[in-house]
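Asks: I'd like to ask you about the structure that follows.
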Amino acid sequence: MRQSVGIDYGRFRRGRLAWDYEGLMAEVGHDLDEVARIQLDRGVGHTPMQEARNLTALVRSVSASGRGARIFVKDEAANPSGSFKDRRASLSVFEAARRGYRGVIAATSGNYGAAVASQAARAGLACIVVQETFDSRGVGQPEIIEKSRVCEEFGAEVVQCTVGPELFYLFLLLLEETGYFNASLYTPFSVAGIETLGAELAHDMRRFAGRPPDVVVVTHAGGGNVTGTARGLRKADAGATAVVAACVDLRGLHMASDRDFNRKSFTTGHSGFAFPFTTRPDRSDVPFNAARPLRYMDRFLLVTQGEVFYATELLSKLEGMQRGPAGNTSLAAALALARELPAEATVVVQETEYTGAGKHPWAQLAFAEANGVEVKTGTRDENVPGQVIAIPDDPAQLAVEEVGLDELRQSYLRQALRDVDRTELDASDVEFLADETRLPVEAIGIGEPLAAGGS
Amino acid sequence: MRIHRVELAPPERAPAIPDETAAVAFESWVNGRLVDDSAIGSRTRIRTTTGRLVEGDLVEVSPGYRHTFGSPPASLLRAGERAREILFPGGVR
């Protein structure tokens, strides 16, 4: 792994659990302005911020007097491959080229593959994208098929796989065979690439509203988007902005299930990634994950598949913007949040993504029906992941389900401390866990001598 | 040209995966140019766009993409129409 990303991760180890997060992020070797310049040279970033006035008006039509925040949308679909993932890929591919690799490789079924392929094409590097594409019947998720097409369009080799974690075994074999750079989503390069988005948001909103946004809603899966955006906001002196993580509720579906695979309409931005990557970030394909969402999120919200399709339809019909749907997860949450906020507050939907055949809501809903999922008009309570997609037909029905951060913090600690002999932990470990969870050192509860047989 | 490979047979699969996944093989597909003359269904080798030589069963000549936009679902259209009625009563100007 050291060879494939050019980082000696062992150098950052500090204690039994502790490692130097900021030290790892400094491996990027460029400050925010330099990253922005590298991206600008590659056609990435400086995307338009748009005020969604009709969406705001719709929300206000169902809000109490004086409520209904102004909604803004950062149109990241304007990036070369159609999503904010170009920010992540641009820095990774830049680094691969600078370090003399002949090619890059990424394990991803989503927009990131298209972004790596696009940036590799510009840099003249070879590119392999390994995707989880088909179930055992050979039926492909149309959104992922579309991503296969885009990657091939950009000249990448696409290895399409059936469902299962063995994709990473194949990925490692390919890394070994080719010696390419691992353009992992979880390196410091990938996360630092998103910091420019957080900083741009702050600057955009200073122009629109005279101050940074009150709330930024981020579609959350692997944690890089939340982490990079929040870090960028802080670097742009907008640390007071609330960072809200939003994901699609797919609880009940197993992410390694051959049967469940084609019964979901979202291949990322969902709870199947968001929960595990929030509470155990180092489950990724690098030793230390640079995406640490629990350090940065102020709220964690779940929306239903039906609500995201509804938000996508509203964006089309009221704002004339055809995007997503997966990237509109944050939009669905933002519409619900805006209703409760004061009218003078501002909410930024932090990204959009391109749409196309396969990805488009019509394609996804037709595919859901073909796979036995009922699609109907209905409220959020009627959604059952893998069985029913209920689409609201009234803006007053938009809502979110809040997941308590304390619940996530305790889950993080349980998993971090499982299989660890606590007598091996020292002050650096306690401090690290406090930073990871944003809990006071006293609340970590491992500085105390442990009772015999304690867990 | 498109080849298919069985990467792992069911007994070789990772532990702790759901039963329905463990019961089937882990497979892969990749596109490239044919190295040797071969017929559909036969074992063959392709050269991929990165120059890799990969062996597998030839399953398709000139593979392409047939994913579509589908048809608009009634529930989605109704939701959009209602939102327009709220915002633009009396019809869109």
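The values are calculated or read from the model by the stated rules, or taken from the named source; none is laboratory data. Since the model is a prediction, treat every value here as computed from it, not as a measurement. Glycine gets a Cβ as well: all are built from the backbone with ideal geometry, and neighbour counts include every protein chain shown. Calculation scope for accessible area: heavy atoms of the full protein, side chains included, ligands and nucleic acids excluded. Shrake-Rupley method; radii C 1.70, N 1.55, O 1.52, S 1.80 Å.
Asks: Can you name every residue in the stretch A:98-110 that is away from chain B (no Cβ under 14 Å) and more than 18 Å from B:T49 (Cβ to Cβ)?
Replies: Start the filter on the stretch A:98-110 by keeping residues that are away from chain B (no Cβ under 14 Å), which leaves A:98-100, A:108, A:110.
Within the stretch A:98-110, A:R98, A:R99, A:G100, A:G110 qualify.
Asks: Taking the stretch A:133-143, which residues are surrounded by 23 or more Cβ atoms within 10 Å (Cβ to Cβ) and either more than 9 Å from every other protein chain (Cβ to nearest Cβ) or over 17 Å from A:T268 (Cα atoms) (or both)?
Replies: Within the stretch A:133-143, A:Q141 is the sole residue that qualifies.
Asks: Looking only at the stretch B:2-19, how many residues end up being farther than 19 Å from A:I144 by Cβ and open to solvent by 30 Å² or more (accessible area, probe 1.4 Å)?
Replies: The qualifying residues number 9.
Asks: State yes or no: is A:L365 within 14 Å of another protein chain (Cβ to nearest Cβ) and crowded, with 24+ Cβ neighbours inside 10 Å? Write out each step before concluding.
Replies: Working: within 14 Å of another protein chain (Cβ to nearest Cβ): yes; crowded, with 24+ Cβ neighbours inside 10 Å: yes.
Answer is yes for this residue.
Asks: Condition test on A:E146, is it at the interface with chain B (Cβ under 8 Å from one of its Cβ atoms), within 30 Å of B:A23 (Cβ to Cβ), within 20 Å of the chain's Cα centre (by Cα) and not β-branched (V, I, T)?
Replies: The answer is yes for A:E146.
Asks: Right, here's the next one. Among what's in the stretch B:26-56 and is acidic (D, E) and part of a loop (DSSP other than H, G, I, E, B), pick the residue that is surrounded by the fewest Cβ atoms within 10 Å (Cβ to Cβ). Talk me through it step by step, then tell me what you get.
Replies: Of the residues in the stretch B:26-56, the ones acidic (D, E) are B:27, B:36-37, B:55.
Within this subset, residues satisfying the condition of being part of a loop (DSSP other than H, G, I, E, B) are B:36-37.
On the way: B:D36: 10, B:D37: 7.
This residue is B:D37.
Asks: Just one of the numbered conditions (1) under 18 Å from A:D260 (Cα atoms); (2) within 14 Å of chain B (Cβ to nearest Cβ); (3) open to solvent by 20 Å² or more (accessible area, probe 1.4 Å) is not true of A:V384; which one?
Replies: A:V384 satisfies all of (1) under 18 Å from A:D260 (Cα atoms); (2) within 14 Å of chain B (Cβ to nearest Cβ); (3) open to solvent by 20 Å² or more (accessible area, probe 1.4 Å) except (2).
Asks: Would it be correct to say that A:P188 is farther than 29 Å from A:V139 by Cβ and either in contact (Cβ under 8 Å) with a residue 24 or more places away in the chain or crowded, with 21+ Cβ neighbours inside 10 Å (or both)? Don't jump to the end; show me each part of the working.
Replies: Working: farther than 29 Å from A:V139 by Cβ: yes; either in contact (Cβ under 8 Å) with a residue 24 or more places away in the chain or crowded, with 21+ Cβ neighbours inside 10 Å (or both): yes.
Yes; evaluated as a whole, the condition is true for this residue.
Asks: Follow-up question, since we're still on this one. Which number in (1) in contact (Cβ under 8 Å) with a residue 60 or more places away in the chain; (2) over 27 Å from A:V28 (Cβ atoms); (3) more than 14 Å from chain B (Cβ to nearest Cβ); (4) crowded, with 24+ Cβ neighbours inside 10 Å marks the one condition that A:A209 misses?
Replies: Checking A:A209 against (1) in contact (Cβ under 8 Å) with a residue 60 or more places away in the chain; (2) over 27 Å from A:V28 (Cβ atoms); (3) more than 14 Å from chain B (Cβ to nearest Cβ); (4) crowded, with 24+ Cβ neighbours inside 10 Å, the one that fails is (4).
Asks: More than 13 Å from the chain's Cα centre (by Cα) and part of a helix (DSSP H, G or I): which single residue out of A:L253, A:L233 fits that description?
Replies: Working: A:L253 fails: part of a helix (DSSP H, G or I).
A:L233 is the lone residue from the list that is more than 13 Å from the chain's Cα centre (by Cα) and part of a helix (DSSP H, G or I).
Asks: Same structure, new question: With respect to A:E166, determine if the residue is open to solvent by 30 Å² or more (accessible area, probe 1.4 Å) and free of Cβ contacts under 8 Å to residues at least 40 places away in the same chain.
Replies: Numbers: open to solvent by 30 Å² or more (accessible area, probe 1.4 Å): no; free of Cβ contacts under 8 Å to residues at least 40 places away in the same chain: yes.
No, not satisfied.
Asks: Which ones in the stretch A:265-279 are within 14 Å of chain B (Cβ to nearest Cβ) and assigned to a loop (DSSP other than H, G, I, E, B)?
Replies: Those that are within 14 Å of chain B (Cβ to nearest Cβ) and assigned to a loop (DSSP other than H, G, I, E, B): A:S265, A:T267.
Asks: Something else about it: How about the stretch B:57-93: which of its residues are part of a loop (DSSP other than H, G, I, E, B), open to solvent by 60 Å² or more (accessible area, probe 1.4 Å) and either within 9 Å of chain A (Cβ to nearest Cβ) or in contact with a Gly (Cβ under 7 Å, 6 or more places away or on another chain) (or both)?
Replies: Filtering the stretch B:57-93 down to residues part of a loop (DSSP other than H, G, I, E, B) leaves B:61-73, B:88-93.
Of the ones still in play, those that are also open to solvent by 60 Å² or more (accessible area, probe 1.4 Å) are B:61-62, B:65-66, B:68-69, B:71, B:89-90, B:92-93.
Once the filter is applied, which keeps residues that are part of a loop (DSSP other than H, G, I, E, B), open to solvent by 60 Å² or more (accessible area, probe 1.4 Å) and either within 9 Å of chain A (Cβ to nearest Cβ) or in contact with a Gly (Cβ under 7 Å, 6 or more places away or on another chain) (or both), the stretch B:57-93 yields B:Y65, B:R66, B:T68, B:F69, B:S71.
Asks: If you check A:A117, A:A106, which single one turns out to be out of contact with any Asp or Glu (no Cβ under 7 Å at 6 or more places or on another chain), crowded, with 24+ Cβ neighbours inside 10 Å and in a helix (DSSP H, G or I)?
Replies: Working: A:A106 fails: in a helix (DSSP H, G or I).
The unique qualifying residue is A:A117.
Asks: Next question. Kindly evaluate A:I128 against the criterion of being within 11 Å of another protein chain (Cβ to nearest Cβ) and either crowded, with 22+ Cβ neighbours inside 10 Å or basic (K, R) (or both). Outline the logic, then answer.
Replies: Working: within 11 Å of another protein chain (Cβ to nearest Cβ): yes; either crowded, with 22+ Cβ neighbours inside 10 Å or basic (K, R) (or both): yes.
Yes, satisfied.
Asks: Going through the stretch A:60-74 one residue at a time, which ones are open to solvent by 10 Å² or more (accessible area, probe 1.4 Å), in contact (Cβ under 8 Å) with a residue 24 or more places away in the chain and either away from every other protein chain (no Cβ under 14 Å) or in a helix (DSSP H, G or I) (or both)? Walk me through it before giving the result.
Replies: Within the stretch A:60-74, the first condition is being open to solvent by 10 Å² or more (accessible area, probe 1.4 Å), and the residues that meet it are A:60-67, A:70.
Remaining after also requiring in contact (Cβ under 8 Å) with a residue 24 or more places away in the chain: A:60-63, A:66-67, A:70.
Within the stretch A:60-74, A:R60, A:G66, A:R67, A:R70 meet the criteria.
Asks: Return yes or no: is A:E157 within 26 Å of A:D282 (Cβ to Cβ) and modelled with pLDDT of 95 or more? Give the steps one after another, and end with the answer.
Replies: On the way: within 26 Å of A:D282 (Cβ to Cβ): no; modelled with pLDDT of 95 or more: yes.
No, not satisfied.
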